[in-house]
């Protein structure tokens, strides 16, 4: 399923990992969503940025790979999770998760809140966001 032109997309950490590795899944995601050819660049939550840099350090990536990662991240439009709109969306999602008894990964809620505040489609390989779709955030789940 494609995403219409003009529709903003926000990439989850699981997607960024595949894109940076440019593995088979990364290539499939790039092809399916034409991320490099969209008129509007994909969005990057500051939470995803922190997760990616932490993962890379934990994987002990050498300086060259860290520079490549930073280059990939710089191609995306960074959205700060501290923006008032994102904070308000986080409060709404947190309360909804609590009301529904949904497990809450705090970072996942911040990422979803960023997508909601931006009016973006959240692209993920993580099933933890499925409960949000379609009432709170439009989610495109890509099975691995």
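Every number in this text was worked out from the coordinates using simple rules, so none of it is lab data. Model, not experiment: these values are computed from the prediction. Reconstructed Cβ throughout: ideal geometry from the backbone, glycine too, with neighbour counts over all protein chains shown.
Normalised by the number of residues in the stretch 72-144, the mean separation of alpha-carbon contacts (under 8 Å, six or more apart) gives a relative contact order of 26 percent.
Each peptide in 120-132, 82-94 receives the mean, over its residues, of other Cβ atoms within 10 Å, and ordering these scores from highest gives 120-132, 82-94. Entry note, the chain: relative contact order of 28 percent, from Cα contacts under 8 Å with a spacing of 6+ residues. Counting Cα-Cα pairs of the chain in 10 Å increments starting at 0 gives whole-percent bin shares of 12, 44, 35, 10, 0.
Highest GNM mean-square fluctuation among 66, 52, 25, for the chain modelled with Cα contacts below 10 Å: 66. For the peptides 136-144, 101-109, residues were scored by their other Cβ atoms within 10 Å and the scores averaged per peptide; the highest-first order is 136-144, 101-109.
For the chain, the mean residue ellipticity at 222 nm estimated from helices alone is -16000 deg cm²/dmol, where every DSSP H run of n ≥ 4 contributes -39500 (n - 2.57) and the total is divided by all residues, rounded to the nearest 500.
In the chain, what percentage of the DSSP-assigned beta bridges are antiparallel, given to the nearest 5?
Numbers: 0 of 10 bridges.
Bridges in the chain that DSSP calls antiparallel: roughly 0 percent.
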